[in-house]
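The values are calculated or read from the model by the stated rules, or taken from the named source; none is laboratory data. Computed from a predicted model, the values in this text were never measured in an experiment. Cβ coordinates were reconstructed from backbone atoms using ideal geometry, including for glycine residues, and neighbour counts include every protein chain displayed.
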Amino acid sequence: MLKAAEFSQTLSESRVGCLLCPAECKLGEGQVGICGCRFNQDGKLMTSNYGELVTLAVDPIEKKPLYHFYPTADILSTGPNGCNFSCVNCQNWQISQCKIETAYWSPEELADAANRDGSIGIAFTYTEPLIWYEYIMDVAPLLKANGQKVVLVSNGYVSPRPLEKLIGVMDAINIDLKSMRPDFYRRICKGELAPVLDNIRAIAESNVHMELTNLVIPTMNDSEEDLKQLIDFVASLSDMIPLHFSAYHPDYKLELPPTPIDTMLKARELARRKLKFVYLGNVHIPGCANTICPACKRLLVSRDGYQTRIEGLNGSKCADCGEETAIVV
């Protein structure tokens with residue numbers, strides 16, 4: 001479905017600029033932006049993906065991954081076709097880097113679906129939901145009216161003005177912080193690091209629940225220096241932010257070997273020196289997905305795959321010692 005896109009700038013009679021993300025594509029008649037969905041039609045910025053879903057599924061909230069936001073809950077999950085990054089290691093490249101068939105759901109239809117089957121709301125995920133800005137902003141009020149939650153799983157690559165509006169409607173976000181090196185973002189993602197860091201800082205200062213994920217790729221961002229820089233950045237915001245290290249496996253255009261278990265354990269060890277909640281994903285290591293009280297070491301939430309059980313929480317606090325965890329329940 002075609003819809004007029006927000007955050008545009010007229011450059012000339014026939015050229016238009018997109019201001020949704022830091023790429024700021026400048027488009028001539030008929031040209032499409034890097035996201036694959038925003039384009040110039042008769043000198044106006046349009047989007048072709050409004051309400052066009054690549055898939056729809058009910059997932060455990062832990063799959064996003066969000067470990068401190070309504071643990072054990074299910075959430076209806078969907079996403080658009082496209083992305084404003086072109087990561088060579090993309091693990092969802094079939095739906096983010098290629099054009100595929102989609103199905104149109106109106107905002108009302110999607111919100112009604114989320115109000116069934118025990119879902120706490122909608123997670124906009126799988127590809128890059130930020131390129132679905134107009135659709136999210138139309139669906140969000142309907143979810144809020146039903147007392148439901150708006151969740152994003154994102155690369156964090158968006159401009160300040162749309163981010164400010166998104167912060168006003170979303171309840172939780174997981175941002176994939178890929179590296180602390182600008183050259184990594186330019187070479188691997190075809191984007192810039194600085195706006196992502198700025199956006200993480202802005203969200204950390206808001207009321208939105210935020211967790212961060214780092215995909216650990218052998219030889220590319222897995223050195224001790226790389227890991228320490230990322231950990232230090234997260235700790236500078238808050239030692240309460242959950243950090244997920246995710247194991248890489250070969251996909252799309254990158255054929256490096258999978259991340260070794262030892263590397264994952266090393267990342268966890270380094271992070272736990274400065275952060276209270278550190279998790280390992282895409283790899284099964286007993287105990288490394290559990291939430292432990294940072295004060296008394298009581299098991300608070302146990303996780304085995306996507307089987308999650310609340311063990312020792314009293315609201316958001318440890319049931320034994322009263323330590324605050326900031327887990328949203």
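If you scan the stretch 136-167, which residues turn out to be within 16 Å of N84 (Cα to Cα) and touching a Gly at 6+ places or on another chain (Cβ under 8 Å)?
N155, Y157
What are the pairs with Cβ atoms under 9 angstrom where one residue, in the stretch 101-122, is without any contact (Cβ under 8 Å) to a residue 40 or more places away in the chain and over 14 Å from V139 (Cβ atoms) and the other, located anywhere, is of a type outside the set (D, E, K, R) and outside any loop (DSSP other than H, G, I, E, B)? Sequence gap at least six, or different chains.
Hits for this filter: R116/L76.
Just checking, how many residues over the stretch 307-324 are surrounded by fewer than 13 Cβ atoms within 10 Å (Cβ to Cβ), closer than 18 Å to P65 by Cβ and not charged (D, E, K, R)?
Count: 1.
Of the residues T127, T78, which is outside any strand (DSSP E or B) and either modelled with pLDDT under 95 or of a type in the set (S, T, N, Q) (or both)?
On the way: T78 fails: outside any strand (DSSP E or B).
Answer to the selection: T127.
Within the stretch 298-323, can you find the residues that are more than 26 Å from the chain's Cα centre (by Cα) and assigned to a loop (DSSP other than H, G, I, E, B)?
Across the stretch 298-323, the qualifying residues are R298, E311, G312, A319, D320, C321, G322, E323.
Taking the options A295, A326, name whichever one is in contact (Cβ under 8 Å) with a residue 60 or more places away in the chain and either aliphatic (A, V, I, L, M) or not in a strand (DSSP E or B) (or both). Please lay out each step first, then the result.
Values: A295 fails: in contact (Cβ under 8 Å) with a residue 60 or more places away in the chain.
Only one candidate qualifies: A326.
Condition first: surrounded by 19 or more Cβ atoms within 10 Å (Cβ to Cβ) and part of a strand (DSSP E or B). Now tell me which residues in the stretch 54-73 satisfy that.
P60, F69
Within the stretch 88-106, track down each residue that is buried (at least 17 other Cβ atoms within 10 Å of the Cβ) and closer than 13 Å to N49 by Cα.
If the condition is that a residue be buried (at least 17 other Cβ atoms within 10 Å of the Cβ) and closer than 13 Å to N49 by Cα, then I95, S96, T102, W105 are the ones that fit.
Of all residues being in contact with a strand residue (DSSP E or B) (Cβ under 6 Å, 6 or more places away or on another chain) and within 20 Å of P160 (Cα to Cα) in the stretch 25-36, which is surrounded by the most Cβ atoms within 10 Å (Cβ to Cβ)? Just the residue, please.
So, considering only residues that are in contact with a strand residue (DSSP E or B) (Cβ under 6 Å, 6 or more places away or on another chain) and within 20 Å of P160 (Cα to Cα), the one surrounded by the most Cβ atoms within 10 Å (Cβ to Cβ) is G33.
Return yes or no: is P22 under 25 Å from the mean Cα position of the chain (by Cα), within 22 Å of Y126 (Cα to Cα) and crowded, with 19+ Cβ neighbours inside 10 Å?
On the way: under 25 Å from the mean Cα position of the chain (by Cα): yes; within 22 Å of Y126 (Cα to Cα): yes; crowded, with 19+ Cβ neighbours inside 10 Å: no.
Considered against the rule, which asks whether it is under 25 Å from the mean Cα position of the chain (by Cα), within 22 Å of Y126 (Cα to Cα) and crowded, with 19+ Cβ neighbours inside 10 Å, P22 comes out as no.
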